[in-house]
Structure formats: structure tokens, C-alpha cells
1. Mean separation of Cα pairs under 8 Å and 6+ residues apart, divided by the residue count of the range 76-220: what relative contact order is that in percent?
2. Would you mind computing, in nm to one decimal, how far apart the modelled labels at V399 and D137 are, each placed 7 Å from Cα along Cα→Cβ?
3. Sum -39500 (n - 2.57) across every DSSP H segment of at least 4 residues in the chain, then divide by the residue count to get the 222 nm mean residue ellipticity, nearest 500.
4. So what is the relative contact order of the chain, in percent, for Cα pairs below 8 Å that sit 6 or more residues apart?
5. Which one, G124, G90, G354, has the greatest fluctuation when you compute a Gaussian network model over the chain with C-alpha springs under 10 angstrom?
6. Give the cross-link partners of K113 among the lysines, using a straight C-alpha distance below 19 Å as the criterion and excluding same-chain residues fewer than 8 apart.
7. Between A291 and F202, take the C-beta separation as r, use R0 = 51 Å, and let me know the FRET efficiency to the nearest 0.05.
8. Could you list which residues have their amide H under 5 Å from that of I299, counting only those 5 or more apart in sequence or on another chain, with H placed in the peptide plane?
Amino acid sequence: MTATATELPRGSVTQELGFPDDPDNLYTQTVNTMLNAADLINLKHRTRIILAQPKNEIMVHFPVKMDDGHHKLFKGYRIQHNNACGPYKGGFRFHPDVHLDDVKSLAFLMTMKCAVVRIPFGGGKGGVKVDTRELSDGELQRLSRRYCSAIMDQIGPDVDIPAPDVGTNAQIMAWFADTYMMSSAHQHHDALRCVTGKPVEFGGSEGREKATGQGVADTLAEMLPGIGIPLQGMKVSLLGFGNVNGWGGQILQDMGATIVAVADHTGFIRNDNGIDCKALYQHNMQTGGIAGYAEADAINEEDFYRTQVDVFIPGALEQMIKEKQADWLDCKVMAEAANAPCDPSGDRRCQEKGIEVIPAILANAGGVTVSYFEWVQNKNAVTWSAEQVDRELNRHMVVAAQRTLARRNELKCPLREAAFASALDHIGDVYKVRGIFP
Ligand code: NAD
């Protein structure tokens, strides 16, 4: 008997598409996770090969006038991974380490994330290779506007909707939207929907700034009781204390958790009696980092990871948890607030140690969910209250967590594969009814 398309061995997809056999490559890692989950649910071969590559890879180079009068050339990307379920959606980052394969992975994860929470978007991601600390405000504004104009013909309110990510913020989204709206073809006000994460006074949504941290907290509140960890008094450590973990730490503290250790690019701190995340947030705003916070002890990297906690929340950059860090970890649960925080060796070590990993496509989906609410509000020219945003966000996160848990129980797999399987259930159904053109 000949094998049907869905019975093809897993390696055949990567071989068919000519992927290099590099297990340390973040893109390969993301595709392999998808293929593992695809095996579990017997996803059609055609859907696997479509998802294994982005639909469009846009690379741009553009000049920006610097304050001293000379022009500097910048490299930017916009990856449009998949739009079967709706317009491409995903942030763009300004960071010196922006590389094509990483942006492709992040775009891929956005497709999965939107499908896990069942919002009507596909996945995209963008970035510019730049160290914003070397730019003046004027240079940053000109860079943001030139990036927008470089990709303007490929994006749009019903085509591809960017948002903030590492190194970008609400002000940059406002410059981005203004540039899009001022261009001759897009002057009508509906064009405001071309980007989310805008300031509240210019079409932004209440609750967007804290949304990703809130979503992490909502997911933990839904899942931890089933794992036997009470929220009240649970011990937490945070890697990264920026937008996501700065807010997440404060919200978890309000729910009764004790934050005992925090790390960022400026250092590592611990206080076994608890770190007041509201005071730390203020310190971080004033000084640009957590180092020097008086109410906690400065520790080293190893002591940070070895701190015994119930939940460890990596919310900094990708691939920071390698085998060494995973070896040090002393936690029951890891909630991935950052995208792809573990490299393959770190991920394997966490599995061997029996750490329950709540994957990023579920745990940090709160940001894109409230971005969707912002887009809906802009489309309908209405504004929702903060309470309505919180309520709707919680509903989406709870249902997504329950769906993932149900898939885990049915498929008897780790939560990461269960979340991917839940996303693929939805995308597979959409392709089934849409068919493949023509
Ligand atoms: P951010 O720039 O506000 O914060 C990043 C944090 O990481 C900072 O505290 C920084 O000090 C820390 N950091 C950087 N390098 C570090 C290092 N070498 N060691 C320790 N800490 C380091 O970014 P963010 O918006 O909070 O995003 C964090 C992660 O969450 C990223 O992976 C991002 O893609 C992901 N994410 C963000 C959102 C969002 O809405 N902002 C949504 C989904 C996912």
C-alpha cells in the first residue's frame, strides 16, 4: 500500500523544502515544533509545507539623515508568514541583532499565536537592525517614518497590521500611523487601523500597554490550580523587566504572588521576602534598569537561575535559556512571556527535569489579543473601557488555556505541542473549507 500524503515521514517536509539540518537555528526549531504537533493531529501535508515557509519575505534598505547631516543606510524586514485566517499581524522591533531567520520564526509564531486565541489574524513580524540607544529623538522619528514608507505598499489595515515589539513603543506606532495616513493614498481616517499599540489619545486601546503581562497572569491563574500551585504566596522569578514582565510582575503581585528574583540587562537581584514590583518599576523608569534597587541584594547569574521558585517567567529576549541556564533552574513551571526564550538544548533540559513549560504562543498572546481589540475599536469608531478590555482579554486567555489543556489530555503530549496542535486544528479547518487556490 502506498503512503498517503498525511502519512509521509516528518523529515520529508524539511527535506522537500531543502532546509539546512541545523538544530540550533531558531527557524528550524520553530518548524520542527510545528511538524511534531502536525504529526499528532495528522495534519495534511499541503498545510505543513505551506506553513513551513513564510508567504512573503520583504527586505528593505533605506537611508536616514542623521543629526550631523550625513546619511546612514539601514536594513529592515517585514515577514508575512501566513494570512489564511486573516490579515498578517505582528510587531516590529528595533534592535542590533535583527536577523532574517529570527524575524521569520517570530512571524511563524504569530500565525500560531493568533490561531491559539482564535482571533481573525494571520502572522507577520518586522524589524530594523539598529541600536536605538545611539539615536537622538529626531533620528528615531525619521527612522520610524522611513521604515513605514519603505514597506507601506505591502501593509495596510486589512492586509498586514504591525505593532510594537522589543525596542519600539506607542510613540513609534504614532509616527508610523501618521506617516501611513499622510501618504496620498491613505489619507482617510480609517487608515488609523494600519498599526496597533498606538497611544490612547491617537486610537490606542485602554489596557494595551499592560496586555501581554496581564495575559501571562490570566493564563497562570487558569492553569496553576490544575498543576497544584496556589496563586496566593507562590514564588516567582522574572527574567527581563521591560514592558511584559514589568507589568506582569505587578499584576501577579496584586494576585498574591511573591516576586523573589528579577534580572535584566543591568543585573540580577533577589529578596527572599519579596521584591515590590511597583517600586522596582519606578526605579526602572528612572534609572533605565533594575541594578541599584536598594530593597534587594545584587546576585550573580547562576544564583539568579538557582533561586528556588514555583514559577520562572522569562520575558527578555529569545534563546537566553540554554542548557547551562536550564540546568541551574529550580522551578516547577516556566511561563514563556518572551517568544522562544529557550534554545533547543535548554528546551530539552527543561523537559528532562520535568519543568512544565507554558509555551509563548499561549502565555504571551494577551498583547496581540488587545491589539485585535484596538483594531476592532478603530474599525467601528468606538472606545472600550479598561474594564471591558480586561474582561474580554480574560475570556480569550481562559478559553485558549482550556483548549490547550484539553488537547494535552487528548494527545498525551507536552503543553508546547498541545498549543501548536490547537492552533493547527484551527488553521487546518480554515484551509479545509477555503481550499488551495485555484
Ligand atoms: P522590552 O524591551 O520592554 O524589555 C526587554 C527586557 O529584557 C528588558 O528588561 C531588558 O533589560 C531585558 N534584557 C535584554 N537583554 C537582556 C539580557 N542580556 N539579560 C537579561 N535581560 C535582558 O521588551 P518587551 O516588550 O517586554 O518584550 C520582551 C519579550 O516579550 C520579547 O521576546 C518580545 O518579543 C516578547 N513579547 C512582547 C510583547 C509586547 O506586547 N511587548 C508581546 C508578546 C511577546
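1. Working: 260 pairs, mean separation 34.0, N = 145.
Once divided by the residue count of the range 76-220, the mean separation gives 23 percent.
2. Between V399 and D137, the label points sit 4.2 nm apart.
3. Values: 16 runs with 201 residues, N = 438.
The per-residue figure over the chain is -14500 deg cm²/dmol.
4. Details: 871 pairs, mean separation 68.0, N = 438.
Once divided by the residue count of the chain, the mean separation gives 16 percent.
5. Checking each option, the largest mean-square fluctuation is seen for G354.
6. K55, K89, K104, K125, K210
7. Details: r = 34 Å, r/R0 = 0.66.
Taking R0 as 51 Å, the efficiency between A291 and F202 is 0.90.
8. So I299 has HN proximity to F268, I269, R270.
Read the figures in this text as sums done on the coordinates, not as results from a lab. Source: prediction; values computed, not measured. Every residue, glycine among them, receives a Cβ derived from its backbone with ideal geometry; neighbour counts consider all protein chains shown.
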